[in-house]
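Reviewing the structure listed below.
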Amino acid sequence: MRFSFVYLMTNQPNGVLYVGVTSDLVRRVAQHRSGLIEGFTKRYGLKTLVWFETHQDIVAAIAREKEIKHWTRTRKVRLIHEANPAWHDMWPDISA
């Protein structure tokens, strides 16, 4: 079974936030970290993975991404704090 992921990237604790969706979290975060993706994440240097959740299929993941994108910043920060209060970069955890 192939999973899909919704994730949050930042440039520093309590910094700029980006919500994304992918079916390959390791590849996608590696692209963000290397600056291969033009646009918002590259412009703001968003290279730190601070939160993600797994979904059974891409349709569910896309629906969740859209939901989170409409949340207030405060609610997104609360989501991060619940799972990752220190805003630890989760890249080493997923890339090992």
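The values are calculated or read from the model by the stated rules, or taken from the named source; none is laboratory data. As the structure is a prediction and not an experimental result, all values here were calculated from the model. Neighbour counts are summed over all protein chains in view; Cβ atoms, including those assigned to glycine, are modelled from backbone coordinates with ideal geometry.
Below is a table of values for the structure above.
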quantity: Residue tally, condition under 17 Å from Asn84 (Cβ atoms) and of a type in the set (A, V, I, L, M, F, W, C), over region 1-46; calculated: 10
quantity: Subset of region 17-38 (residues that are touching a residue at least 24 places away in the same chain (Cβ under 8 Å), of a type outside the set (D, E, K, R) and under 17 Å from Ala96 (Cα atoms)); calculated: Leu25, Val26, Val29, Ala30
quantity: Checking Thr74 against (1) closer than 12 Å to Tyr7 by Cα; (2) surrounded by fewer than 11 Cβ atoms within 10 Å (Cβ to Cβ), the condition it does not meet; calculated: (1)
quantity: Matching residues, region 69-96, being in a helix (DSSP H, G or I) and either small (Gly, Ala, Ser) or within 22 Å of Gln31 (Cα to Cα) (or both); calculated: Lys69, Ile80, Ala83, Trp91, Pro92, Asp93, Ile94, Ser95
quantity: Region 1-42, subset out of contact with any Leu (no Cβ under 9 Å at 6 or more places or on another chain) and among the charged types (D, E, K, R), residue modelled with the lowest pLDDT; calculated: Arg2
quantity: Hits in region 28-42 - residues which are part of a helix (DSSP H, G or I) and either touching a strand residue (DSSP E or B) at 6+ places or on another chain (Cβ under 7 Å) or over 16 Å from Pro92 (Cβ atoms) (or both); calculated: Arg28, Val29, Gln31, His32, Phe40, Thr41, Lys42
quantity: Output for region 43-62, where each listed residue is in a loop (DSSP other than H, G, I, E, B) and either surrounded by 14 or more Cβ atoms within 10 Å (Cβ to Cβ) or in contact with a Leu (Cβ under 9 Å, 6 or more places away or on another chain) (or both); calculated: Tyr44, Gly45, Leu46, Lys47
quantity: Single residue of region 1-22 satisfying the filter (assigned to a loop (DSSP other than H, G, I, E, B) and either over 12 Å from the mean Cα position of the chain (by Cα) or among the β-branched types (Val, Ile, Thr) (or both)) that is surrounded by the fewest Cβ atoms within 10 Å (Cβ to Cβ); calculated: Met1
